[in-house]
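As C-alpha cells, the structure follows; a few thoughts come after it.
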Ligand code: F6R
C-alpha cells in the first residue's frame, strides 16, 4: 500500500505533482482570467479576512495572508486556532473566516470556526477530508483534493493547501477588481506549471541527501526566509522537529539581528530560503551575516543562481517560478531534508513519538 516506498511520508512527498494536478484540476480558466471554485459566497462583500488553522495548515494560512493582501488588497489576520478562540477577535458580517485543515477534525480549528460564526463572520473551509466535521459547519468548502494522507507529518496536504490559497487570493482579487486580467492570466500560467516544477524539485533529492548526511548529527538547526518564504522556513523547521527530533527554529530572516544571530556558530546549520524575488538581495545580506560569523549556510536557491555559491556552503537548487508561488516548490527539499535526516537517525518516520494524525482533544 506504500506503492514500493519505504514510508508513507516519502510516497506522499512523491505524490505532490499529481496532487497539485488534482487541486488545480478544472479550476483554472484563462478565458475569464479567473478560477472557478464553485463557492456559494459573494466574494465582494468582505472587508477583512481571518485565517485560522493549526500547525502546517497555519503556515499555509500565513502564506495566504501575503497572497490575499497582495492580490485582493484585503487586510488579513492569521491566527493559530487555539489563540483565536480565546482572544476576543473583532469580527462582523463583513469578515470572512477561512479555516484550513487537512483532517477537518482538529478541535481547536472547529471551535475557532464556531467562535467566528457566533460573532457574525461568513466562513470558508479549505479542507482535505470530504464530509469532515468542519465541512459540515462552514458556509462553503474549498476542497484541496490531496487524497488520503497517512503519514503523520503533513506534506502533500501542505502543497495542496498552498495551491488552494493561491486560487482563493486570485478569486478574491478578481471579484474585488484589484487584480487585472493580464496579471491574473500570468498567475494562472504559473499555477499550471506547478506539477512539473515540483516534479523537477523532487529530482534534486540526491543533493538534499548529501546535506542530510553532512548535518544529521547537529543538535540544532535554524531556518530563515522572508515574505512568503518565512512560512516556508517555519514549515521546514516543523518537519525536521517532528520526525527527526532535532531542535529547529525558524525566523523571518530580517529578525535575525534582533536576537537569534547570537546562536550562530560553526556547529549550527542555517537553512536559508534564498529564491529569486523582490527580497533576494536582502536575503543574500542575511546569508553573509551568518557566514561572517562562522554559521554553515545551506541555501535553497533558484536554478541558475551561481553567484550564491560564493556565500553558501551548500546550495539546493529549485526551479524558477513566480515569487508568490515559490513556497510550493521550495518546501519540497525541506520535506526531503527532514525525511532523509530522520531516516539516517533511525526514527519512526510515519509514526513520530507523541504525535497523532488528527488532534481532536484540546
Ligand atoms: C504537521 C502536522 C500538524 C497538523 C495540524 C493541523 O506535520 O501534521 O501540525 O498540520 O495538527 O491538522 P489539520 O490540518 O488536520 O487541522
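The values are calculated or read from the model by the stated rules, or taken from the named source; none is laboratory data. Quick caveat: nothing in here was measured; it's all calculated off a predicted structure. Note that each Cβ is placed from the backbone with ideal geometry, even for glycine, and that neighbours are counted across all protein chains shown.
So residue 294 clears everything in (1) more than 16 Å from the ligand (Cβ to nearest atom); (2) outside any helix (DSSP H, G or I); (3) touching a helix residue (DSSP H, G or I) at 6+ places or on another chain (Cβ under 9 Å) except one condition, right? Which one?
Tallying (1) more than 16 Å from the ligand (Cβ to nearest atom); (2) outside any helix (DSSP H, G or I); (3) touching a helix residue (DSSP H, G or I) at 6+ places or on another chain (Cβ under 9 Å), residue 294 fails exactly one: (3).
If I go through segment 277-286 residue by residue, how many of them are surrounded by fewer than 23 Cβ atoms within 10 Å (Cβ to Cβ), in contact (Cβ under 8 Å) with a residue 24 or more places away in the chain and not in a loop (DSSP other than H, G, I, E, B)?
We begin by selecting, within segment 277-286, every residue surrounded by fewer than 23 Cβ atoms within 10 Å (Cβ to Cβ); these are 277-282, 284-285.
With in contact (Cβ under 8 Å) with a residue 24 or more places away in the chain added as a condition, the list becomes 277-279, 282, 284.
Those still in the list that are not in a loop (DSSP other than H, G, I, E, B) too: 282, 284.
Residues flagged as surrounded by fewer than 23 Cβ atoms within 10 Å (Cβ to Cβ), in contact (Cβ under 8 Å) with a residue 24 or more places away in the chain and not in a loop (DSSP other than H, G, I, E, B) within segment 277-286 amount to 2.
Whether any residue in segment 315-324 is surrounded by 23 or more Cβ atoms within 10 Å (Cβ to Cβ), assigned to a helix (DSSP H, G or I) and modelled with pLDDT of 95 or more is what I want to check.
Checked segment 315-324: no residue is surrounded by 23 or more Cβ atoms within 10 Å (Cβ to Cβ), assigned to a helix (DSSP H, G or I) and modelled with pLDDT of 95 or more.
Limited to segment 96-137, what total is found for residues that are near the ligand (Cβ under 9 Å from one of its atoms) and within 20 Å of the chain's Cα centre (by Cα)?
Final tally of qualifying residues: 13.
For the subset of segment 59-95 comprising residues that are within 24 Å of residue 355 (Cβ to Cβ) and out of contact with any helix residue (DSSP H, G or I) (no Cβ under 8 Å at 6 or more places or on another chain), which member is nearest to the ligand (Cβ to nearest atom)?
Per the criteria, the residue is 83.
Kindly indicate which of 342, 274 is within 16 Å of the ligand (Cβ to nearest atom) and crowded, with 21+ Cβ neighbours inside 10 Å.
On the way: 274 fails: within 16 Å of the ligand (Cβ to nearest atom).
Among 342, 274, only 342 is within 16 Å of the ligand (Cβ to nearest atom) and crowded, with 21+ Cβ neighbours inside 10 Å.
Taking the options 171, 184, name whichever one is at pLDDT 95 or above and over 11 Å from residue 37 (Cβ atoms). Break it down stepwise before answering.
Values: 171 fails: over 11 Å from residue 37 (Cβ atoms).
Only one candidate passes the filter, namely 184.
What are the residue pairs meeting all of these: first residue in segment 90-110, first residue on the phi > 0 side of the Ramachandran plot, second residue assigned to a loop (DSSP other than H, G, I, E, B) and within 9 Å of the ligand (Cβ to nearest atom), Cβ atoms under 9 Å, and 6 or more apart or on different chains?
What qualifies is 104/128; 104/129; 104/132; 104/358.
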